[in-house]
Amino acid sequence: MIIDNHGREIDYLRLAVTDRCNLRCFYCMPEDGIQFLKKDALLSYEELLRLIQLLSLEGISKIRITGGEPFLRKDLISFLTLLSQIDGIHKIAITTNGTITLRFLDALLQLGIRSFNLSIDSIDKERFTHITRRDSFDEVWACFQEMAEHPEIDLKLNCVVMADQNIGDIIPMVLLAEDKDISIRFIEEMPFNGDGSFNKETHWNYIKILQHIESHFGKAIKLEDPKNSTSLNYTIKDFKGSFGIIPAYTRSFCGSCNRLRLTPQGTIKTCLYDDGVFNIRDIMRAGASDAEIVAAVQEACAHRSKDGFEAEAKRKFNPLVSESMATIGG
Ligand code: SAM
Ligand code: SF4
């Protein structure tokens, strides 16, 4: 078992399998000048499987596959097939931008993968194109419609709320849950955009997002939040689905955080807001034994920051705004 220095059990790994992406959401990465990692800088699938096998023996039971855009990494389905065969891994979830996901859906369902977070920041084609700087709305919308047709899929839509960009989408997006059993999750924008700018003054925090929704629908009905949930969950009277608000920048959920993050190049992060605790790829490639690998992860978790504010204050190298979320995985 991995228990951190604040008594929190860590059972969830968020795995960014690539830093590459076919969109350029402006809150996540700059449009040009990105130095993508070379293939040998990435943890190989063999290295990942060895690591996850070891961590599963320590109680890691849930994996989220993210990126960059995870489906851009070659042979992802072969990797997921082997991953799904690891005994202790009970749940595999995927966060995707939906641009090319549909072509893999049958294979994913056959592997028993049912949990999808689909990122869509606007349901207005023009706004979507402006935010993502790419013309992929039709593909993403088709992905949403197809996934929503599958009752076995646990579908969540991720929408980053950005002042002066997609506020007009909030109400229409909540309405998507009126006759569909899905959850629309509104995420506070965080400063990880890789281009050095972030305006705190105009920021939409979770309170403002909820007030905006309630000003249209009246009082929302609070739902019980699942254990370790980062979202505050609600529904509207007579709606089939629900909506959630993720105080990602306010950081009010840190007390129950059960996550570990692994970047594509092998950096272990024990908090979204830290700048990396150590590089596990390097110790694996230097010949670390299984016991040494596990000990290194345990050691990192034994010195975990209490919350995202402490992790941010302890950053040694970079300000938040210089980091791109595509290398962290959300
Ligand atoms: N490409 C995939 C996608 O977009 O779903 C997976 C990776 S993406 C980095 C994971 C999640 O992080 C997405 O839902 C995205 O909206 C969110 N994200 C990225 N940058 C963010 C930021 N600066 N603030 C809040 N959420 C962000
Ligand atoms: Fe790509 Fe996802 Fe970042 Fe958008 S949020 S640029 S889709 S990695």
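The values are calculated or read from the model by the stated rules, or taken from the named source; none is laboratory data. These figures come from a predicted structure and were not determined experimentally. Cβ sites come from the backbone with ideal geometry, for glycine too, and all protein chains shown count toward neighbours.
Results, tabulated for the structure shown:
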| read-out | value |
| --- | --- |
| Count of residues meeting criterion [over 20 Å from residue 295 (Cβ atoms) and in contact (Cβ under 8 Å) with a residue 12 or more places away in the chain] in the stretch 46-60 | 0 |
| Condition met for residue 98 (touching a residue at least 60 places away in the same chain (Cβ under 8 Å), within 11 Å of ligand 2 (Cβ to nearest atom) and not hydroxyl-bearing (Ser, Thr, Tyr)) | no |
| Any hit, the stretch 305-317, residues being buried (at least 21 other Cβ atoms within 10 Å of the Cβ) and over 15 Å from residue 10 (Cβ atoms) | yes |
| Breaking point among (1) away from ligand 2 (no atom under 16 Å from the Cβ); (2) modelled with pLDDT of 95 or more; (3) in contact with a strand residue (DSSP E or B) (Cβ under 9 Å, 6 or more places away or on another chain); (4) not in a loop (DSSP other than H, G, I, E, B), for residue 293 | (3) |
| Count - residues of the stretch 196-242 that are loosely packed, with under 13 Cβ neighbours inside 10 Å, on the phi > 0 side of the Ramachandran plot and at pLDDT below 95 | 1 |
| Flag for residue 275 being at pLDDT 90 or above and either within 16 Å of ligand 2 (Cβ to nearest atom) or more than 18 Å from residue 65 (Cα to Cα) (or both) | no |
| Residue among 41, 93, 16 that alone is under 25 Å from residue 289 (Cα atoms) and under 19 Å from the mean Cα position of the chain (by Cα) | 16 |
